[in-house]
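**Q** Got a structure for you, questions after.
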Amino acid sequence: MTSGGPTVAVLDYGSGNLRSAVRAVERAGAQVELTSDPAIAEQTDGLLVPGVGAFAACMEGFRAVGGERIIERRLIAGRPVLGICVGMQILFAEGIEHGVRTRGCGEWPGTVERLQAEIVPHMGWNTVEPPEGSRMFAGIESERFYFVHSYGVRRWEVTADGPLAPPSATWTSYPPDRFVAAVEHGPLWATQFHPEKSADAGRRLLENWIATL
């Protein structure tokens, strides 16, 4: 763990660009520890959940390290969590790949499914459409971010029922399709793109997140 700044755990559950995520969060100003230890992951100021690969395989690894309980306990305590790529997708209710339906964490309603676009996977730089007042995209509302994926949440309807504010979604277009590019929901944030691969814009986004810790 580096010295100075708030503490962030990068959760190691067998999926994701772990070293690049660690380096990116360190550059953004945090002390970082790569860990699969639930006690550490629950107590740090921030938790980053990476993810690369198939939804079902990621969920299997995530459950094996107690990931759902880690997130539940952090959110109850108001401790921030940031999911990236498949680390965002597994926060939704379910994923469907090759006809196989897999239960996700269920933090948000919605189904992760194959993109309906002319070229898949979606790979490259895209602008996004953040809502007004977004903390995640403060100062970088018009910047481009790096995506590499074949699946996403293409339809999402969120109601304002209950005492808490509903999730706030950022969308992007991948003609002729559209999908959720990021979500802000109290202490739970997530991005479909890779901030650690998004140059200065990604660093600024991570700085925005670290500022909430």
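**Q** Going by average Cβ density within 10 Å per residue, which order do the peptides 8-19, 97-108 take, highest to lowest? If you can, show how the numbers build up before the last one.
**A** Numbers: 8-19: 21.8, 97-108: 14.7.
Peptide ranking by packing, descending: 8-19, 97-108.
**Q** How much FRET efficiency would the formula 1/(1 + (r/R0)^6) give for Trp171 and Glu118, where r is the Cβ-Cβ distance and R0 is 22 Å, rounded to 0.05? If you can, show how the numbers build up before the last one.
**A** Details: r = 19 Å, r/R0 = 0.85.
E between Trp171 and Glu118, to the nearest 0.05, is 0.75.
**Q** Let me ask another. Around Ala182, which amide H atoms from residues at least 5 apart in sequence, or from another chain, sit under 5 Å from its own amide H, with H modelled in the peptide plane?
**A** Correct list: Thr170, Gln192.
**Q** Sorting check: for 57-66, 110-119, which peptide has the highest mean count of neighbouring beta carbons within 10 Å, and how do the rest follow?
**A** 57-66, 110-119
**Q** Something else: Would you kindly derive the ³J(HN,Hα) couplings of segment 12-17 from the backbone phi angles with the Karplus curve 6.51 cos²θ - 1.76 cosθ + 1.60 (θ = phi - 60°), listing them in order in whole Hz, with x for Gly and Pro?
**A** Using θ = phi - 60°, the values come out as 9, 10, x, 8, x, 7 Hz.
**Q** Quickly rank 194-200, 24-30 as a protection proxy: mean count of other C-beta atoms within 10 Å, highest first.
**A** 24-30, 194-200
**Q** Another one. Can you give the translational diffusion coefficient of the chain in µm²/s, computed by Stokes-Einstein from the Kirkwood radius over Cα pairs at 4 °C and 1.567 mPa s?
**A** 76 µm²/s
**Q** Evaluate the relative contact order of the chain (contact order divided by residue number), counting alpha-carbon pairs under 8 angstrom at least 6 apart; express in whole percent.
**A** 20 percent.
**Q** Can you give me the % of accessible surface on the chain that is carbon or sulfur? Probe 1.4 Å, all protein chains present, nothing else counted.
**A** 48 percent
**Q** Once amide H atoms are placed 1.01 Å from N in the peptide plane, what residues at a sequence separation of 5 or more from Ser36, or on another chain, have their amide H within under 5 Å of its amide H?
**A** Close amide H contacts, sequence-distant or interchain: Asp12.
**Q** Output the relative contact order of segment 12-131, whole-number percent, from Cα pairs under 8 angstrom with separation of 6+ residues.
**A** 21 percent
**Q** If you count the DSSP beta bridges with both ends in the chain, what percent of them are antiparallel, to the nearest 5? Working shown, then result.
**A** On the way: 25 of 43 bridges.
Roughly 60 percent of the DSSP beta bridges within the chain come out antiparallel.
**Q** Send over a whole-number figure in Å² for the accessible area per residue of the chain, probe 1.4 Å.
**A** That works out to 45 Å² for each residue.
**Q** For segment 70-104 and segment 135-160, what is the separation of their C-alpha centers, rounded to whole Å?
**A** 15 Å
**Q** Now a separate question. Taking Cα pairs under 8 Å and at least six residues apart, what relative contact order does segment 85-164 come out at, in percent?
**A** 29 percent.
**Q** Starting from 0.36 nm per residue, how many nanometres of slack lie between Asp200 and Glu72 once their C-alpha separation is accounted for?
**A** Length gained between Asp200 and Glu72: 42.9 nm.
**Q** Using each residue's phi in segment 77-88, evaluate 6.51 cos²θ - 1.76 cosθ + 1.60 at θ = phi - 60° and report the 3J(HN,Hα) Karplus result to the nearest Hz, with x for Gly and Pro.
**A** Taking θ as phi minus 60°, the curve returns 8, x, 8, x, 10, 10, x, 10, 6, 5, x, 7 Hz for segment 77-88.
**Q** Once amide H atoms are built 1.01 Å from N in the peptide plane, which residues 5 or more positions from Phe145, or in another chain, come under 5 Å H to H?
**A** Amide H to amide H, under 5 Å and 5 or more residues apart or across chains, Phe145 pairs with Asn126, Thr127.
**Q** Explain nothing, just the number: dipole magnitude of segment 126-213 about its Cα centre with +1 on each Lys and Arg Cβ and -1 on each Asp and Glu Cβ, in debye rounded to the nearest 20.
**A** Rounded to the nearest 20 debye, it is 220 debye.
The values are calculated or read from the model by the stated rules, or taken from the named source; none is laboratory data. Computed from a predicted model, the values in this text were never measured in an experiment. For neighbour counting, all protein chains shown are included, and Cβ atoms are generated from backbone atoms with ideal geometry for every residue, glycine included. Heavy atoms of the whole protein, side chains included, go into the accessibility calculation; ligands, DNA and RNA do not. Shrake-Rupley method; radii C 1.70, N 1.55, O 1.52, S 1.80 Å.
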